[in-house]
Amino acid sequence: MADSPPSKRRRANHQGDEAHESSPSPLVVFAHGAGAPSTSDWMIRWKEMLGKALNAVEVVTFDYPYLSGGKKRAPPKAEKLVDFHADVVKKAVAKYPGHPLILVGKSMGSRVSCMVASQEDISASAIICLGYPLKGMNGAIRDEILVQLTVPIMFVQGSKDGLCPLDKLEAVRKKISPINELHVIEGGDHSFKIAKKYLQAAGSSQSDAEESAVQAVASFISNISIG
């Protein structure tokens, strides 16, 4: 996506600074995707970037039971992970009372985060979906939980992500009632990896693209009323 004009970028950063000064730092609970645990290089990198950009009091990561202890089993259905995920969230919230809760997830973790946010005893201020898997294995569009949300949500998607065609996502976004935004990583796949040829043609780098995405997330959070 095209960069914002410098003046707009400065205003957004200023708004973010004001938000950090006037409200408690957010608590982030960050869920991994189906195939890699919280200790993967990707998760560690994004945990660090999100923590810094959001000025988080903590970015809590964890492993779902099917991957815990070094296990490598096939993931169960997302619905079966909700209770465990919700327990992690509740423990984190108890540790940091008064801090706005932001749920972040990679792929499958973002679907489960949306399900957790819909529970009555969870009070999330925002959801950030990193590579939302809109299409199921059978090709069906999985939008049921999205259209039921009452929490602001942001999607960060690679333009070449086969699990989330952007035209299908745009159609779903029109049915989502709360504030929702989309940041597209041009040339990115499901994990935002961009081909070297594309980067060379664009005169950019992988880190530049990911940093731009993280700053878009920070701008989104600063522009909504979290608490």
**Fill in**
Pairing a residue in segment 52-72 that is over 26 Å from Pro26 (Cβ atoms) with any residue that is part of a helix (DSSP H, G or I), where Cβ atoms lie under 7 Å and the two sit 6 or more apart in sequence or on different chains, gives Pro65/Phe84
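Give the number of residues within segment 145-173 that are closer than 23 Å to Glu211 by Cβ and part of a helix (DSSP H, G or I).
Step one: of segment 145-173, the residues closer than 23 Å to Glu211 by Cβ are 152-161, 164, 166, 169.
Then drop every residue that is not part of a helix (DSSP H, G or I), which leaves 166, 169.
Final tally of qualifying residues: 2.
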**Message:** Just to be sure before I move on: is Met115 in a strand (DSSP E or B) and under 17 Å from the mean Cα position of the chain (by Cα) in the structure I sent?
**Reply:** no
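Quick one: which residue in Ser123, Ser118, Ser219 is touching a Lys or Arg at 6+ places or on another chain (Cβ under 9 Å), hydroxyl-bearing (Ser, Thr, Tyr) and either over 17 Å from Leu50 (Cβ atoms) or modelled with pLDDT of 95 or more (or both)?
Working: Ser123 fails: touching a Lys or Arg at 6+ places or on another chain (Cβ under 9 Å); Ser118 fails: touching a Lys or Arg at 6+ places or on another chain (Cβ under 9 Å).
Sole residue among the options that is touching a Lys or Arg at 6+ places or on another chain (Cβ under 9 Å), hydroxyl-bearing (Ser, Thr, Tyr) and either over 17 Å from Leu50 (Cβ atoms) or modelled with pLDDT of 95 or more (or both): Ser219.
Is there a residue being assigned to a loop (DSSP other than H, G, I, E, B) and on the phi > 0 side of the Ramachandran plot anywhere in segment 189-198?
Kept after step one, since they are assigned to a loop (DSSP other than H, G, I, E, B), are these residues of segment 189-198: 189-193, 195.
Subsequent filtering for residues that are on the phi > 0 side of the Ramachandran plot retains 192.
Within segment 189-198 (the criterion being assigned to a loop (DSSP other than H, G, I, E, B) and on the phi > 0 side of the Ramachandran plot), the answer is yes, since at least one residue qualifies.
If you go through segment 32-73, how many residues are of a type outside the set (A, V, I, L, M, F, W, C) and outside any loop (DSSP other than H, G, I, E, B)?
In the first step, residues of segment 32-73 are kept if they are of a type outside the set (A, V, I, L, M, F, W, C); the result is 32-33, 35, 37-41, 45, 47-48, 51-52, 55, 58, 61, 63-66, 68-73.
Narrowing further to those that are outside any loop (DSSP other than H, G, I, E, B): 41, 45, 47-48, 51-52, 58, 61, 65-66, 68-70.
So the count comes out to 13.
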**The lone exception for Ser4 - which of (1) at pLDDT 85 or above; (2) within 22 Å of Phe155 (Cα to Cα) it fails** = (1)
**Request:** Could you please let me know if Asp189 is buried (at least 16 other Cβ atoms within 10 Å of the Cβ), within 23 Å of Met43 (Cβ to Cβ) and of a type in the set (D, E, K, R)?
**Result:** yes
**Fill in**
Picked from segment 178-216 (must be among the charged types (D, E, K, R) and free of Cβ contacts under 8 Å to residues at least 12 places away in the same chain), the residue farthest from Gly51 (Cα to Cα) is Lys197
**Prompt:** Checking Gly139 against (1) modelled with pLDDT under 95; (2) assigned to a helix (DSSP H, G or I), which single condition isn't satisfied?
**Reply:** (2)
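The values are calculated or read from the model by the stated rules, or taken from the named source; none is laboratory data. As the structure is a computational prediction, the values presented were derived from the model and not from experiment. Counting neighbours? That spans all protein chains shown, and the Cβs are built from the backbone with ideal geometry, glycine included.
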